[in-house]
Amino acid sequence: MAMNEAAAPVAVERPRRDAMPPSLLGVILFVASECVFFAALFGAYFTVRANAPVWPPKGISGLEIPLPAISTTMLVLSSVTMQLAVWAIRRGDRRTMMRFLKLTLLLGGVFLAGQAYDYSQLGFSIHDTVFGTTFFTMTGFHGAHVAGGLVFIYLVLARGWQGQLTREDHTALEACAIYWHFVDIVWIGLFSTLYILK
């Protein structure tokens, strides 16, 4: 073989990047659409508020901060426990993941119970002024999303009990965590807008 012959080019192998699982992409797109939905609700609320001479209107009572603040704390903590569950399964620690998922489910349930009790203490209903309509629409839709999230968490727990979540395959938990963090962030916006800023 002649020394001056050109050497064959060597292919450089680049690290392979795994494609995002379709189910995870689906949840991300769903959450994006829900962001638009809640942005529309916030937009409607602030439009009505900007055009009202008095806000909240007369006759609106019972919007006390302590109970909703406790419920908000429970929901924020549930987001923390959800993330701890994700980190646990990434380490391959299924037992810790299950504990944190159960705690997340419990905290989410406490939040919903607190919201239901708060509704019972309010001095207005969905039919009382535009504030009542927007308040119950926004918080009601959020409550429905929390309830759906609790079902999602329970289904992920059921898969965990059956040993279907592993360090290598836990896309369902990652998807559930994305949805649950979204629900948490939306509530922080609702609590700030409806209870603190009014």
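Provide the gained length on full extension for the span Phe141 to Ser125, in nm with one decimal, where the gain is 0.36 nm per separating residue minus the Cα-Cα distance.
Full extension of this stretch gives 4.2 nm more.
In square angstrom, what is the accessible area per residue of the stretch 132-198 with a 1.4 angstrom probe?
Heavy-atom accessible area per residue stands at 39 Å².
Using only alpha carbon pairs under 8 Å that are at least six residues apart, calculate the relative contact order of the chain and give it in whole percent.
31
Hey, with R₀ at 30 Å, roughly what FRET efficiency would Ser61 and Trp87 work out to, going by the Cβ-Cβ distance, to 0.05?
Computed FRET efficiency for Ser61 and Trp87: 0.10.
How much length is gained if the chain between Lys102 and Ala39 is pulled fully straight, taking 0.36 nm per residue apart and subtracting their Cα-Cα distance, in nm to one decimal?
So the chain would gain 19.6 nm between Lys102 and Ala39.
Tell me, what is the 1.4 Å probe accessible area of Ile185, in Å² to the nearest 10?
My reading of the accessible area for Ile185 is about 120 Å².
FRET efficiency for Val80 and Thr47, Cβ-Cβ distance as r, R0 = 35 Å, nearest 0.05?
So, using R0 = 35 Å, E works out to roughly 0.55.
Using square roots of five times the C-alpha gyration tensor eigenvalues, list the equivalent-ellipsoid semi-axes of the chain in whole Å, biggest first.
Working through the eigenvalues yields semi-axes of 46, 23, 12 Å.
Just grab the label-to-label distance for Ala32 and Ile188, each label 7 Å out from Cα along the Cβ direction, in nm (one decimal).
Output for this residue pair reads 2.2 nm.
Divide, for the stretch 45-105, the radius of gyration over alpha carbons by 2.2 N^0.38 Å, where N is the residue count.
1.86
Report in % the part of the accessible area of the chain that belongs to carbon and sulfur, leaving out ligands and nucleic acids; probe 1.4 Å.
66
Pairs of alpha-carbon atoms within less than 8 angstrom and 6+ residues apart define the contacts here; what relative contact order does the stretch 125-198 have, in percent?
For the stretch 125-198, the relative contact order is 31 percent.
Considering just Cα atoms, how many Å³ per residue does the convex hull of the stretch 92-198 enclose?
94
Which value, in Å² rounded to 10, gives the accessible area of Asp169 with a 1.4 Å probe and all protein chains present?
80
The values are calculated or read from the model by the stated rules, or taken from the named source; none is laboratory data. What you see is a predicted model, and the numbers here were worked out from it, not measured in a lab. Backbone-built Cβ (ideal geometry, glycine too); neighbour counts: all protein chains shown. Note: areas computed on protein heavy atoms with side chains; ligands, DNA, RNA excluded. Shrake-Rupley method; radii C 1.70, N 1.55, O 1.52, S 1.80 Å.
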